[in-house]
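Structure first, then comments.
The values are calculated or read from the model by the stated rules, or taken from the named source; none is laboratory data. Predicted model, so just to flag it, every value in this text is computed and none were measured. Glycine also receives a Cβ, built like all others from the backbone with ideal geometry; neighbour counts cover every protein chain displayed. Quick note on the areas: whole protein, heavy atoms, side chains included, nothing else; ligands and nucleic acids left out. Shrake-Rupley method; radii C 1.70, N 1.55, O 1.52, S 1.80 Å.
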Amino acid sequence: MKASQTATRVNAQKASALEAVKTALEGAKADQHNIFLSLNPLALEQAARVDARVKSGEHLPLAGVPIALKDNLCVAGLPATAGSRILEDYVSPYTGSAVQRLLDAGAVVIGKTNLDEFGMGSSGENSAFGATLNPRDPTRVPGGSSSGSAASVAAGIVPVALGTDTGGSIRLPAAFTGCIGMKPTYGRVSRYGVIAYASSLDQVGPFALDSADLAIMLQTICAHDPRDATSLETATDFTAVLEGSIKGWRIGLVSEAMGAGNSASVIGAIESARATLETLGASVVDISLPSLEAGLAAYYLIATPEASSNLARYDGMRFSKRSSDVSGDINEVMSRSRGEGFGAEVKRRILMGTYALSSGYYDAYYSKALRARALIAAEFARIFEGVDALLLPTAPSAAFKLGAKADALSMYLTDVDTVTVNLAGLPAISLPFGFEDETGAYSSSAGLPIGVQFIAPLLEDARLVTLSATLERATDAAFLRV
Ligand code: GLN
């Protein structure tokens with residue numbers, strides 16, 4: 001059941017939160033895709049408390065809705081591993097702000113979901129606790145890094161989930177698993193209680209299976225928070241824009257993202273989206289975004305330095321796991337703890353980031369990447385003077401086979417269409433828009449899901465909700481998603 005339906009029924013006392021949460025927990029327990037890293041032992045108790053709140057007259061926008069959270073989001077009393085051995089035994093003493101807002105609205109956390117370690121990855125294979133499998137085809141990756149959250153929604157275990165997106169980690173798995181995934185404008189959702197990867201890029205956002213649920217989630221989590229210094233003071237009524245029209249909108253199709261690197265099915269999905277947008281009264285114009293090319297290089301030279309700094313705290317001396325071998329001095333114990341606790345990709349990022357920040361290389365790498373970032377943001381601002389939103393693929397292909405991208409560079413290239421958005425802080429959404437059939441061709445009826453991506457100007461997140469809702473209404477529901 002959709003989140004909106006559960007909330008309506010629970011608020012009307014036609015169904016109970018307890019029943020909804022029990023069903024979701026059973027689904028999570030039966031899961032064969034390595035979606036959950038832990039389940040919430042208090043979920044049923046908390047569901048009963050929601051039922052009591054409803055009985056006492058409270059109206060809750062997410063009454064009794066079971067939700068899943070990426071395991072880099074903190075909830076008091078629950079583990080938060082970030083997919084890493086180094087936080088294997090960590091239990092969070094506090095609840096993050098975005099999560100708290102969901103709980104206040106009546107949602108119940110059923111469990112914490114698998115992810116690429118510290119959010120570093122594009123496939124869901126970099127978790128210390130094993131890869132997540134794609135519920136649409138278990139021989140394929142679900143996309144990362146919010147692999148488990150996307151899969152939990154795609155598998156129908158929960159209607160909505162939270163992930164984080166530093167360079168595509170919500171949009172990419174949404175595209176690969178056939179759900180809606182949105183990264184709001186940087187600063188609209190509090191980062192308080194998010195285990196940091198790259199703080200200037202990290203953003204919390206929702207997964208959903210329809211636009212109404214997307215809107216309720218955004219409405220609940222987008223809010224100013226004094227505990228996050230980058231939190232913005234803005235308010236938008238996301239449910240009000242569901243009925244909006246895109247008639248007269250100008251949508252820019254990003255030429256640089258339409259090249260030969262894309263599979264035929266991805267090009268087919270974009271062409272199909274373009275035709276639908278035109279039917280709805282929008283005009284689609286070709287737009288050049290030359291900085292897309294610089295995006296990937298700039299991203300990895302900004303994300304990894306920030307990660308090397310953020311991950312310095314995991315030293316085995318305070319809350320992270322210490323090596324069982326405590327011989328030698330403090331430096332040896334720290335380095336042994338980090339050596340045992342971090343996976344290969346995380347170590348690669350720490351090395352890359354430390355190198356890019358080191359004296360002698362700072363100007364050539366980190367500082368240059370910051371200048372590229374400023375140019376990218378300026379280029380977007382200029383382009384948005386002439387268009388209302390941009391259209392481009394979410395990824396160059398549909399979900400690939402597990403193990404197919406063994407070298408780091410080919411994995412990094414999966415993010416080519418998503419990372420630039422984070423550098424500019426913009427809101428972006430991935431919408432399911434058809435499938436790839438067995439022959440690799442685009443299909444409007446069945447196969448592997450394909451996502452199309454829309455980018456909106458800063459703080460115009462609502463436009464993405466309107467686009468999602470309009471396209472949903474204009475297409476057969478089965479065409480957009482299963
Ligand atoms: N795949 C990208 C990375 O590994 C983005 C990940 C993310 O958004 N957390 O950095």
| Selection status of residue 338, under 28 Å from the mean Cα position of the chain (by Cα), touching a residue at least 12 places away in the same chain (Cβ under 8 Å) and farther than 22 Å from residue 201 by Cα | yes
| request: Tell me, please, whether a residue that is in a loop (DSSP other than H, G, I, E, B) and either more than 19 Å from residue 216 (Cβ to Cβ) or within 16 Å of the ligand (Cβ to nearest atom) (or both) can be found in the stretch 97-109. | output: no
| request: Report yes if residue 213 is in contact with a strand residue (DSSP E or B) (Cβ under 8 Å, 6 or more places away or on another chain), crowded, with 20+ Cβ neighbours inside 10 Å and charged (D, E, K, R), otherwise no. | output: yes
| query | Here are some residues: 113, 139. Which one is open to solvent by 10 Å² or more (accessible area, probe 1.4 Å), modelled with pLDDT of 95 or more, away from the ligand (no atom under 13 Å from the Cβ) and β-branched (Val, Ile, Thr)? | reply | 139
| query | part of a loop (DSSP other than H, G, I, E, B), in contact with a helix residue (DSSP H, G or I) (Cβ under 7 Å, 6 or more places away or on another chain) and closer than 23 Å to residue 65 by Cβ: does that describe residue 207? | reply | no
| Which one of 168, 178 is within 11 Å of the ligand (Cβ to nearest atom), within 24 Å of residue 396 (Cα to Cα) and at pLDDT 95 or above? | 168
| Pick from the stretch 181-200 the residues that are surrounded by 23 or more Cβ atoms within 10 Å (Cβ to Cβ) and within 12 Å of the ligand (Cβ to nearest atom): which of them is farthest from residue 352 (Cα to Cα)? | 181
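Okay, residues lined up against (1) part of a loop (DSSP other than H, G, I, E, B); (2) modelled with pLDDT under 95; (3) open to solvent by less than 10 Å² (accessible area, probe 1.4 Å):
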residue: 122; (1), (2), (3): yes, no, yes
residue: 126; (1), (2), (3): yes, no, no
residue: 130; (1), (2), (3): yes, no, no
residue: 145; (1), (2), (3): yes, no, yes
residue: 149; (1), (2), (3): no, no, yes
residue: 152; (1), (2), (3): no, no, yes
| message | Can you find a residue that is open to solvent by 30 Å² or more (accessible area, probe 1.4 Å) and under 25 Å from residue 119 (Cα atoms) anywhere in the stretch 264-286? | response | no
| request: Kindly indicate whether any position in the stretch 253-261 is open to solvent by 10 Å² or more (accessible area, probe 1.4 Å) and touching a Pro at 6+ places or on another chain (Cβ under 7 Å). | output: yes
| Going through the stretch 326-348 one residue at a time, which ones are open to solvent by less than 50 Å² (accessible area, probe 1.4 Å) and either hydroxyl-bearing (Ser, Thr, Tyr) or outside any helix (DSSP H, G or I) (or both)? | 337, 342, 343
| query | If you scan the stretch 380-428, which residues turn out to be open to solvent by less than 40 Å² (accessible area, probe 1.4 Å), charged (D, E, K, R) and within 14 Å of residue 455 (Cβ to Cβ)? | reply | 417
| task | Within the stretch 444-452, identify whether any single residue is open to solvent by less than 20 Å² (accessible area, probe 1.4 Å) and either part of a loop (DSSP other than H, G, I, E, B) or without any contact (Cβ under 8 Å) to a residue 60 or more places away in the chain (or both), and answer yes or no. | result | no
